[in-house]
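The block underneath contains the structure these notes are about, expressed in structure tokens.
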Amino acid sequence: KPLVRMQNVDKIYSNGTVALKNLNLDVYPQEFISLLGPSGCGKSTALRIFSGLGAYSGGSMDWPQSMYDVSGKPEREVGFVFQEATLMPWATVFDNVFLPLRLKDKSKAQMTERVNEALALVGLSGFAKAYPRELSGGMKMRVSIARALVTQPKLLLMDEPFAALDEITRTRLSNDVLDIWARAKCTVMFVTHSIFESVYLSQRIVVMAARPGRIIGELKIDAPYPRD
Ligand code: ADP
Ligand code: ADP
């Protein structure tokens, strides 16, 4: 049973741009899936719809396994990592990761434990008291991954998370993301325009084309890309 099912989804922005046309996509539990395509093909639009942040104009989206009513926002099911780390500069790493828990129904001790687990997951246990400016670009990105995972979502959405990073950091972070995915046991949906990145990371690549944004093919990767 899929985790999320999109059927015939269209997205037309208010200025008339058709960003997605007839998108059909089933996303399965614990898979690592890439959305691959050129700039402007609708990847971010699709990701925002999966996140519940963006409305769609036609078609349907279901969470067949969810106990929540998914016509509402599936907030607890989804974590989102953006291109930029978007951390609050005045808050510590701990407080940045704590933020999504603030309005939830847990005790202070439980929430602290969740934050510490999330920081351990991304290998930043020793940095809870640090401030974003004290961290490298790759570390900031790992903090924003911890923030996305702190609510223990079933689906982690990543929108070109490496775009602002240099080549070496990107390679290192790719391996970190694979470790995090293996340990967090969630589905990762990874948006990229890099064929290499999608092949290196994912089990399934969904290829999109622009005008209007639609899926033109799919590639299954049977064995992981060789890594040392
Ligand atoms: P919606 O149809 O979801 O209401 P809007 O058309 O109101 O979206 O635009 C939302 C925001 O996106 C606005 O701030 C707008 O300036 C910005 N925007 C408009 N066109 C583009 C574009 N081509 N790419 C990215 N952002 C855009
Ligand atoms: P990608 O992530 O693949 O680069 P997007 O989903 O950002 O593609 O954009 C898909 C299409 O929709 C593009 O033509 C883009 O200009 C347009 N678009 C994106 N956001 C908006 C917006 N808020 N308002 C109007 N058009 C938009």
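Readers should treat all values here as calculations from the given coordinates under stated rules, not as data from a laboratory. Being a predicted model, the structure only gives us computed values, none of them experimental. We place every Cβ from the backbone using ideal geometry, glycine too, and count neighbours over all the protein chains shown.
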Expressed in angstrom and ordered largest first, the alpha-carbon extents of segment 124-228 along the principal axes are 46, 31, 27
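How high is the relative contact order of segment 91-169, in percent, with contacts defined as C-alpha pairs under 8 Å that are six or more residues apart? Please report the intermediate quantities before stating the final value.
Working: 71 pairs, mean separation 32.2, N = 79.
Relative contact order, segment 91-169: 41 percent.
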Ranked on Cβ counts within 10 Å of their own Cβ, fewest leading, T86, T169 go T86, T169
With the 8 Å Cα cutoff and a minimum separation of six or more residues, segment 131-220 has a relative contact order in percent of 23 percent
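Given an 8 Å cut-off on Cα distances and at least 6 residues of separation, report the relative contact order of segment 78-228 as a percent.
Numbers: 208 pairs, mean separation 38.0, N = 151.
With pairs under 8 Å counted, the relative contact order is 25 percent.
Please work out how much length the chain gains when fully extended from Y13 to E117, using 0.36 nm per residue of separation minus the C-alpha to C-alpha distance, in nm with one decimal. Can you show the working numbers first?
Details: separation 104, 0.36 × 104 = 37.44 nm, distance 3.91 nm.
The span from Y13 to E117 would gain 33.5 nm if fully extended.
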Burial-style ranking of 124-131, 1-8, average other-beta-carbon count within 10 Å with highest first, yields 1-8, 124-131
Per GNM of the chain with C-alpha springs under 10 angstrom, the most fluctuating residue out of T151, T171, T192 is T171
